[in-house]
Amino acid sequence: MKNMEKEQRRFKRFYIPLDDRIEGIFSLSLKNSEAYLFTARIMDISEGGLNFALKRHDAKGIRSGDRLILKRIKGSKKLEFCTNMELEIRWTMGKSDRFLKHVGVGCGFQNISEALRQQIAQFVDSGIESQGQRNT
């Protein structure tokens, strides 16, 4: 009998349906103290962080350990409170595969208030609940 993999995430996450087109506008500080702004598709979110996908050519300067700022989220009124949030890149996926068009990036929220964390948790819970209702 196969061993079932145990979920190791600390927080529930909401996987954003592809047709929702929720995007984040991010700022990455470059070494010469300039900021690089880019827009990326948010794939999922939890009170601990988020995952986004961006086009390969936009991912050149992004590395694990980098800090960036989520300036704002567009495409969801319910996430408009997510502004100027600090993130740390925890992992990237697909960067070395030149045949992929997009790169996945996983980030953890840094230094956010408990109130913001609770707002995100409420968004996640309501999103999961509404997806369950759509599937029944």
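The values are calculated or read from the model by the stated rules, or taken from the named source; none is laboratory data. Given the structure is predicted, the values throughout are model-derived calculations rather than measurements. Neighbour counts run over all protein chains shown; Cβ positions are idealised from the backbone, glycine included.
Observations
- Test result for Asn51, modelled with pLDDT under 80 and not aliphatic (A, V, I, L, M): no
- Only one of the numbered conditions (1) in a strand (DSSP E or B); (2) surrounded by 17 or more Cβ atoms within 10 Å (Cβ to Cβ); (3) out of contact with any Phe, Trp or Tyr (no Cβ under 7 Å at 6 or more places or on another chain); (4) modelled with pLDDT under 95 is violated by Ile73, and that is (4).
- Residue count, region 76-115 (criterion: surrounded by 16 or more Cβ atoms within 10 Å (Cβ to Cβ) and either in a helix (DSSP H, G or I) or among the aliphatic types (A, V, I, L, M) (or both)): 7
- Residues in region 27-70 that are surrounded by 15 or more Cβ atoms within 10 Å (Cβ to Cβ) and either within 17 Å of Leu116 (Cα to Cα) or acidic (Asp, Glu) (or both): Asp44, Ile45, Ser46, Glu47, Gly48, Gly49, Leu50, Asp58, Asp66, Ile69, Leu70.
- Test: Gln118 is at pLDDT 90 or above and either in contact with a Leu (Cβ under 6 Å, 6 or more places away or on another chain) or surrounded by 12 or more Cβ atoms within 10 Å (Cβ to Cβ) (or both): no
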